[in-house]
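Each remark here refers to the structure printed beneath this line.
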Ligand SMILES: [Zn+2]
């Protein structure tokens, strides 16, 4: 084959595969990160209360004229560094979210988050919040909702990001409490589109919440539940949640990869997984790799899985775009895999199909304009 023909063939191949990045390694990494950040995506597993960064917490305390037991942001971060098990994590979580007092606080916390992810390709957010964590400390639901309504209205106007809410009930509280709160959510169904379950997987989960979820479905709420990673009886919990809660998504759910029958059941039921590579024990060797390997297995199995950030404020400020970059850097995810994850995040959102079609068209157009290969 002549050199000319070889060159033409090579050029054709490169055009088909996407354009390789020229220049140094650093330039290449930067170009890939810019592509991943710009890639249109949604955030479906983010806790309002978990978006509070150390500085946000201190600013809220100061604004409300309250004294913090932490001298500075470094001291708050230090406390978080030692919150290495779920119980301690939740203890610190509840302590920090206690800084939110007024409707304005809730509005500002949500808007600060939106501002941070608007630069990471996020077009749409379904944000968890925990009504019980506020009512039990004396903040009326009306106050929380007043702030969330304002954020819902401002986010698309100021940042071009749609913001909706999912109310999570705490699994370590009673079903009666969840039911009482569910009924109280009815007037806010124009911005609260679904319900979920979080906090530790207590004994009795998920049976305990079957009635609550049946009621939620009857009221027209979409349904998801956390199924945490590597907790005792996790596979049993997954199977029971599928049977008893009529869920449409699973938050975390990485243990699905451990059971081929469960993988088939989840895929056939069209249940989406909102996976979070971030974790409490990130420094333990192999933990991050283990999570990324399961994410890849689930993606390859045809499950609608996407990446999400959970509690970025409490987990070293890694937001959703950062996590896609992390998956590429640490897990060696290819362009095709990164694109598939982001596309899944559009497919898993609880929106009308007409809106989804518009998204997917824009997504494909964006990809065509950014032919980078990695
Ligand atoms: Zn979560």
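From the list 292, 262, 254, 299, the one residue that fits, being farther than 24 Å from residue 351 by Cβ, more than 15 Å from the ligand (Cβ to nearest atom), under 20 Å from the mean Cα position of the chain (by Cα) and buried (at least 16 other Cβ atoms within 10 Å of the Cβ), is 292. Among the numbered conditions (1) more than 30 Å from residue 97 (Cα to Cα); (2) surrounded by 15 or more Cβ atoms within 10 Å (Cβ to Cβ), the only one that residue 287 does not meet is (1). For residue 272, state whether it is more than 12 Å from the ligand (Cβ to nearest atom), touching a strand residue (DSSP E or B) at 6+ places or on another chain (Cβ under 8 Å) and under 21 Å from residue 196 (Cα atoms). So residue 272 fits the description; yes.
Quick one: which residue in 153, 162, 158, 146 is in contact (Cβ under 8 Å) with a residue 40 or more places away in the chain, under 30 Å from residue 366 (Cα atoms) and more than 16 Å from the ligand (Cβ to nearest atom)?
Every option except 158 fails the conditions.
Is it the case that the range 35-48 has a residue that's touching a strand residue (DSSP E or B) at 6+ places or on another chain (Cβ under 8 Å), over 17 Å from residue 373 (Cα atoms), in a helix (DSSP H, G or I) and modelled with pLDDT of 95 or more? There is at least one residue in the range 35-48 that is touching a strand residue (DSSP E or B) at 6+ places or on another chain (Cβ under 8 Å), over 17 Å from residue 373 (Cα atoms), in a helix (DSSP H, G or I) and modelled with pLDDT of 95 or more. Residues in the range 309-330 that are assigned to a helix (DSSP H, G or I) and within 16 Å of the ligand (Cβ to nearest atom): 320, 323. Residue count for the range 105-119 under the criterion of being in contact with a strand residue (DSSP E or B) (Cβ under 8 Å, 6 or more places away or on another chain) and farther than 19 Å from residue 190 by Cα: the result is 3. Of the residues making up the range 165-181, not one is farther than 21 Å from residue 93 by Cα and surrounded by 20 or more Cβ atoms within 10 Å (Cβ to Cβ).
Take the range 209-230 and flag every residue that is within 13 Å of the ligand (Cβ to nearest atom) and farther than 17 Å from residue 181 by Cβ. Result: 227, 228, 229.
The values are calculated or read from the model by the stated rules, or taken from the named source; none is laboratory data. As the structure is a prediction and not an experimental result, all values here were calculated from the model. Note: ideal-geometry Cβ built from the backbone for every residue, glycine included; neighbour counts use all protein chains shown.
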